[in-house]
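Reviewing the structure listed below.
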Amino acid sequence: MTAKPITVSYDDLLHNDPDIPGNIQSALGSTEGCLGIIVISDLPPQFKDLRERLFHLASKLATSSEAVKRDLERPDTHYLFGWSHGQEKMNGVGPPISYSTGGG
């Protein structure tokens with residue numbers, strides 16, 4: 001069985017479609033077949049501007065104090081939401097990226 005990305009429409013996100021939580025879990029959860037991505041379809045014309053604004057806010061968040069980021073952690077959601085910074089697990093395994101200090 002080939003895993004396929006989960007697609008959710010932008011309109012469904014805005015209107016709290018009851019299937020959204022299950023779709024997010026299917027896309028980003030830790031069970032077999034979860035790819036760790038979700039595709040949002042039917043984006044509004046202003047999406048490009050909204051994305052640029054979000055990138056600026058993401059930079060601001062990343063440089064916030066540890067206390068601010070810790071307050072945004074959501075381990076009860078397995079880090080599907082909130083701040084994670086390497087805490088998430090893909091298919092029950094630690095962070096998908098190996099962090100290294102570069103020392104030998």
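Read-outs throughout are calculated quantities, based only on the coordinates presented, and are distinct from any laboratory measurement. This structure is a prediction, so every number in the text was calculated from the model and none was measured. Ideal geometry is used to build each Cβ from the backbone, glycine not excepted, and the neighbour counts take in all protein chains shown.
Structure above, values below:
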| quantity | calculated |
| --- | --- |
| In the stretch 1-16, the residues that are in contact with a strand residue (DSSP E or B) (Cβ under 8 Å, 6 or more places away or on another chain) and of a type outside the set (Phe, Trp, Tyr) | 5, 6, 7, 8, 9, 13 |
| Residue that is surrounded by the fewest Cβ atoms within 10 Å (Cβ to Cβ) [pool: residues in the stretch 24-47 that are part of a loop (DSSP other than H, G, I, E, B) and without any contact (Cβ under 8 Å) to a residue 24 or more places away in the chain] | 45 |
| Complete set of residues in the stretch 5-16 that are more than 17 Å from the chain's Cα centre (by Cα) and either under 18 Å from residue 35 (Cβ atoms) or in a loop (DSSP other than H, G, I, E, B) (or both) | 15, 16 |
